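The values are calculated or read from the model by the stated rules, or taken from the named source; none is laboratory data. Since the model is a prediction, treat every value here as computed from it, not as a measurement. Heads up, the Cβs are rebuilt from the backbone with ideal geometry, glycines too, and the neighbour counts pull from every protein chain shown.
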2 protein chains.
Amino acid sequence: MAEERIWTAALVVIGDEILSGRTQDKNVAQVAQWLNVQGIRLAEVRVVPDRTEAIVEAVNALRARNDYLFTTGGIGPTHDDITVDAIAAALGVGVVHHPDALAVLERYYTTRGGLTEARARMARVPEGATLIENRLSGAPGIRLGNLFIMAGVPHITAGMLDALTGQLEGGRPVVSKTIGSWAAESEVADLLRETERAHEGVAIGSYPFFREGRVGANFVVRSPDEALVDACAADLTARLEAVGRATVAGGI
Amino acid sequence: MAEERIWTAALVVIGDEILSGRTQDKNVAQVAQWLNVQGIRLAEVRVVPDRTEAIVEAVNALRARNDYLFTTGGIGPTHDDITVDAIAAALGVGVVHHPDALAVLERYYTTRGGLTEARARMARVPEGATLIENRLSGAPGIRLGNLFIMAGVPHITAGMLDALTGQLEGGRPVVSKTIGSWAAESEVADLLRETERAHEGVAIGSYPFFREGRVGANFVVRSPDEALVDACAADLTARLEAVGRATVAGGI
């Protein structure tokens, strides 16, 4: 069998509000989950401040080595929204008002006070870009080749991801099965290592927790090959039961 | 006045579970908030998978250009916990069992089944390291110069941050004031830009929201200089009220 191609994406989260701790990021998890379904692996995330050089550096480093690059944040109408200009600088292209984006905003603001200059800022895109639909708040996302520039507000980002569903080439999605056990992970560490070794192409993650006054762990078995996942999960369950550890299929 | 030194830190979040979307990260926000209080600015975050090369690259890039580097995740007893080895490789030092960590774990596991080899893995540190106390679950964090290696489980990370409080040199903490307004940020974009321009050394962030069927925004005024923050916040409030926008001190 030829080696399976793995498609990867990176995400740059842009925003002082994340780095100051004011805002809890929600986009890493939702972009990751959406990418999984498209058969694309999120390989790396960077969170950078609203500063041109920081955005340029992250965008150029990550687009060079991933199939896709996503950004979230910094595409609103205010002075701290510098993502479009920074990305245009990273790509060495100009910034233009996209006519379709202007039309969309014009329509959206007809009943909301009209399209002011500040609002028209949200139609600015790096030259050559197309738009990603935003049914929720007018201002569209931006696509330029394999670069996807999205909103920072999570439910708007979600809408943009919806609009992109099925549009991106990917591989087989990673399948996972979770097995929970009321065992300290340190008690079954060797067993986990040996099980993973016995199943090539499968990764086992171990995620301990402390709940209801007891320690336990969830073991997540992952691979793009569902048959391998099933076999490894069954083997892991058997090995845990063999050492007297009850398991809970699906996790605890 | 001499220019004020700004102390910076970076954070590397290590873990496949974050990049797969399985786990919602909580450490970025809590490390950021803790750093603020220490007068240290979180300048950049990277999220990397449980893979040696990815950890080495991120650690070496970020420790070179920040005063402090923190990592979270990957210091447990299982096969997917490779942070200590990867960081030792990044620094070009060996890995040793720290005698104090062994003693701590020995004590902790006395009533919990004894110190097995897997558990003793949690005493492994890059050569030259000291320990960060972990009152909650035995296995300590690790300090090596300006590098801080911490747990991934958020409440354990929190305990380690507690143990480090007041230990790190920083500058003046950034002070912030939030002003909320039931205004679309696009309506006051020019006003915000002009207000920020009129107050050197102060940054204004604009964070829109949609709530109770209405749009609004919170404006966050930030600077290490409290007097500048107060003056800018008062000015911004006055300018918003002057254009008929009611404001809510402290944010909405």
Select from the range A:144-175 the residues that are of a type outside the set (A, V, I, L, M, F, W, C), surrounded by fewer than 19 Cβ atoms within 10 Å (Cβ to Cβ) and touching a strand residue (DSSP E or B) at 6+ places or on another chain (Cβ under 6 Å) and list them in ascending order. A:Asn146, A:Gly171
Sort through A:Gly216, A:Gly205, A:Gly244 and tell me the only one that's within 27 Å of A:Arg5 (Cα to Cα) and either in contact with a helix residue (DSSP H, G or I) (Cβ under 8 Å, 6 or more places away or on another chain) or not assigned by TED's automatic domain parsing to the domain that holds A:Ile40 (or both). A:Gly205
Kindly indicate whether any position in the range A:242-250 is free of Cβ contacts under 8 Å to residues at least 60 places away in the same chain, part of a loop (DSSP other than H, G, I, E, B), surrounded by fewer than 21 Cβ atoms within 10 Å (Cβ to Cβ) and in contact with a Lys or Arg (Cβ under 8 Å, 6 or more places away or on another chain). no
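So which residues in the range A:1-16 are of a type outside the set (A, V, I, L, M, F, W, C), buried (at least 21 other Cβ atoms within 10 Å of the Cβ) and not in a loop (DSSP other than H, G, I, E, B)?
A:Asp16
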Looking only at the range A:201-238, how many residues end up being more than 26 Å from the chain's Cα centre (by Cα) and either hydroxyl-bearing (Ser, Thr, Tyr) or within 14 Å of chain B (Cβ to nearest Cβ) (or both)? 9
Name every residue in the range B:178-195 that is within 12 Å of chain A (Cβ to nearest Cβ) and either in contact with a Cys (Cβ under 8 Å, 6 or more places away or on another chain) or surrounded by fewer than 19 Cβ atoms within 10 Å (Cβ to Cβ) (or both), in order of residue number. B:Thr178, B:Asp190, B:Arg193, B:Glu194, B:Thr195
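Restricting the range B:38-61 to residues that are in a helix (DSSP H, G or I) and more than 10 Å from every other protein chain (Cβ to nearest Cβ), which is nearest to B:Val174 (Cα to Cα)? I'd like the intermediate steps shown before the answer.
Step one: filter the range B:38-61 for residues in a helix (DSSP H, G or I), giving B:38, B:52-61.
Remaining after also requiring more than 10 Å from every other protein chain (Cβ to nearest Cβ): B:38, B:52-53, B:55-56, B:59-60.
Details: B:Gln38: 9, B:Thr52: 35, B:Glu53: 34, B:Ile55: 30, B:Val56: 31, B:Val59: 26, B:Asn60: 27 Å.
The extreme case among them is B:Gln38.
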Between a first residue in the range B:17-30 that is over 18 Å from A:Pro49 (Cα atoms) and at the interface with another protein chain (Cβ under 7 Å from one of its Cβ atoms) and a second residue that is in a helix (DSSP H, G or I) and among the aromatic types (Phe, Trp, Tyr), which pairs have beta carbons less than 9 Å apart while being 6 or more apart in sequence or on different chains? B:Gly21/A:Trp34
Of the residues that make up the range B:217-236, is at least one more than 24 Å from A:Gly21 (Cα to Cα) and not hydroxyl-bearing (Ser, Thr, Tyr)? yes
With the structure loaded, tell me whether A:Gly128 is more than 10 Å from chain B (Cβ to nearest Cβ), surrounded by fewer than 20 Cβ atoms within 10 Å (Cβ to Cβ), more than 25 Å from A:Glu17 (Cβ to Cβ) and small (Gly, Ala, Ser) or whether it fails that test. yes
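Check the range B:63-78 and report whether any residue there is surrounded by fewer than 15 Cβ atoms within 10 Å (Cβ to Cβ), within 23 Å of B:Ala10 (Cβ to Cβ), under 17 Å from the mean Cα position of the chain (by Cα) and within 12 Å of chain A (Cβ to nearest Cβ).
yes
Among the residues of the range B:62-82, count how many are assigned to a strand (DSSP E or B) and farther than 24 Å from B:Ala118 by Cα. Please lay out each step first, then the result.
First, the residues of the range B:62-82 that are assigned to a strand (DSSP E or B): B:68-72.
Of the ones still in play, those that are also farther than 24 Å from B:Ala118 by Cα are B:68-70.
Adding up the residues that qualify gives 3.
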Tell me, please, whether a residue that is over 30 Å from A:Gly138 (Cα atoms), without any contact (Cβ under 8 Å) to a residue 24 or more places away in the chain, charged (D, E, K, R) and not in a loop (DSSP other than H, G, I, E, B) can be found in the range B:85-103. no
Which numbered condition trips up B:Arg135, out of (1) surrounded by fewer than 19 Cβ atoms within 10 Å (Cβ to Cβ); (2) at the interface with chain A (Cβ under 10 Å from one of its Cβ atoms); (3) of a type in the set (Lys, Arg)? (2)
Residues of the range B:10-52 being over 17 Å from A:Arg41 (Cα atoms), over 11 Å from the mean Cα position of the chain (by Cα) and charged (D, E, K, R), in sequence order, are B:Asp25
Unmet criterion (only one of (1) at pLDDT below 95; (2) out of contact with any strand residue (DSSP E or B) (no Cβ under 7 Å at 6 or more places or on another chain)) for B:Asn134: (2)
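Please pick out the residue among B:Leu91, B:Leu19 that is in contact with a strand residue (DSSP E or B) (Cβ under 8 Å, 6 or more places away or on another chain), assigned by TED's automatic domain parsing to the domain that holds B:Ile132 and buried (at least 22 other Cβ atoms within 10 Å of the Cβ).
Working: B:Leu91 fails: buried (at least 22 other Cβ atoms within 10 Å of the Cβ).
It is B:Leu19.
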